[in-house]
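*Asks:* Quick one: structure below, then a few questions.
Each value in this text was obtained by applying a stated rule to the coordinates, not by laboratory testing. Since the structure is predicted, the reported quantities are computational estimates derived from the model, not experimental observations. Cβ placement follows ideal geometry from the backbone for every residue including glycine, while neighbour counts extend to all protein chains displayed.
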Amino acid sequence: MRRKELTPREKEVYELLQQGWTTKEIAIKLQITQQRVQVVARNAKYRLMDQAQDLDNSVDS
């Protein structure tokens, strides 16, 4: 079973993206590659989608 909560890094990247930062800006700030930022953001998106699906399922039952 996949972990549903965001990791601290996923939260950090997600919050910066929500503030309008680019992947390049985030990469520089966090001292990681742009590709790593994209992977972390994608993983965060999938976790959030899983959380939303779980919420939908609990409301429907």
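*Asks:* Subtracting the Cα-Cα distance from 0.36 nm times the residue separation, let me have the gained length for Q53 to R9 in nm, one decimal.
*Replies:* 13.6 nm
*Asks:* Which value does Rg/Rh take for region 8-55 over its C-alpha atoms, Rh per Kirkwood?
*Replies:* 1.02
*Asks:* Let me ask something else about it. What order do you get for R42, R9 when you list them from fewest to most C-beta neighbours inside 10 Å?
*Replies:* Exposure proxy ranking, most exposed first: R42, R9.
*Asks:* If you don't mind, there's one more thing I want to ask. Run the simple label-point estimate for Q38 and E25 please: 7 Å along Cα→C-beta, distance reported in nm.
*Replies:* 1.9
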